[in-house]
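Taking it in order: structure first as structure tokens, then the write-up.
The values are calculated or read from the model by the stated rules, or taken from the named source; none is laboratory data. This is a predicted model, so every value here is computed, not measured. With ideal geometry, Cβ positions are generated from the backbone for all residues, glycine too; neighbour counts draw on all protein chains shown.
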Amino acid sequence: MSTAEPRRAKANTASSTRRDLVEKQIMQHATVLFAERGFAGTSLQDIADAMGLTRPALYHYVANKDELLGRLVTEITEEPAVLLAEINKHVELRPVDRLHRMVTAIAEHQAAAPDRFRLLIRSEAELPEQLSKDYERSRKRVLKAFIKVVQDGIDAGAFRPVDPRFAALGVIGMINWMAWWFRPGQDSAETVAAQLADMAVNSVRHERAAAEIGDGPTAAIAALRQNLNYLDRYVQSTRADRTIS
């Protein structure tokens, strides 16, 4: 190996690191400007001025404003969907453990950039049509992943026979609300994520229901009602599937 090759490799690494840093700064400035002026009211020239770059120099890192929006949507919604899908693949894990890992992963992701999530929520109506479709598709994937793990827990007898969709929406809402109260630099992302994960699991697991209801005939009747409600929903769902097919 010639001495020039290590130098080229080192130079390429440095160049890649600098590019990553600049792109991160571009996203930070774009987030602030989008929040202040909206997507439609912000131009690439505005972002270039905030960065202290010329517009041609900015084109070296981003092709157009839609690309910035696309990255924002990907970071906020597509990456969580991918994370959840990967965790759900580990069928050897108990549903309790999978749900705990899923909430922890999404909460930590949320804590990394709460300002971007707030911006996206407030600006949903301004997203271009294709980005809006991508955003909605990713949100549905996240919901579907949580529904699956809750349903798996019910089927395994680990979770109470709740409505899986309602439970999933409740968990997602709890995580999303972080964007409005989490304080980066003051709150510990790991501690908050772990506590939210505990709360999510405890909200659906059987042990909590038994503790709340108590022992004896009252507890038995309450558990029976829960199971009958679950069986009724299951039968109705099965009939609906047969009708559609």
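Counting only residues that are within 18 Å of Phe39 (Cβ to Cβ) and touching a residue at least 40 places away in the same chain (Cβ under 8 Å), give me the helices (runs of 4 or more DSSP H) lying completely in the stretch 115-209 with at least 3 of them.
Ranges flagged: 129-155.
Based on this model, can you work out whether Leu169 counts as hydrophobic (A, V, I, L, M, F, W, C) and touching an Asp or Glu at 6+ places or on another chain (Cβ under 8 Å)?
On the way: hydrophobic (A, V, I, L, M, F, W, C): yes; touching an Asp or Glu at 6+ places or on another chain (Cβ under 8 Å): no.
Here the answer is no, as Leu169 does not meet what is asked.
What are the residues in the stretch 107-154 that are surrounded by fewer than 18 Cβ atoms within 10 Å (Cβ to Cβ) and of a type in the set (Ser, Thr, Tyr), if any?
Within the stretch 107-154, Ser123, Ser132 qualify.
Determine which member of the set Glu86, Glu67 is acidic (Asp, Glu), without any contact (Cβ under 8 Å) to a residue 60 or more places away in the chain and under 27 Å from Ser123 (Cβ atoms).
Selected residue: Glu67, the only one of Glu86, Glu67 that is acidic (Asp, Glu), without any contact (Cβ under 8 Å) to a residue 60 or more places away in the chain and under 27 Å from Ser123 (Cβ atoms).
Return the pairs, sorted by first residue and then second, in which the second residue is of a type in the set (Gly, Ala, Ser), the first residue lies in the stretch 37-59 and is in contact (Cβ under 8 Å) with a residue 60 or more places away in the chain, the beta carbons are less than 9 Å apart, and the residues are 6+ apart or on different chains.
Every condition considered, the pairs that remain are Gly38/Ser123; Phe39/Ser123.
Among the residues of the stretch 34-65, write down those that are surrounded by 14 or more Cβ atoms within 10 Å (Cβ to Cβ), part of a helix (DSSP H, G or I) and at pLDDT below 85.
Correct list: Phe34, Ala35, Lys65.
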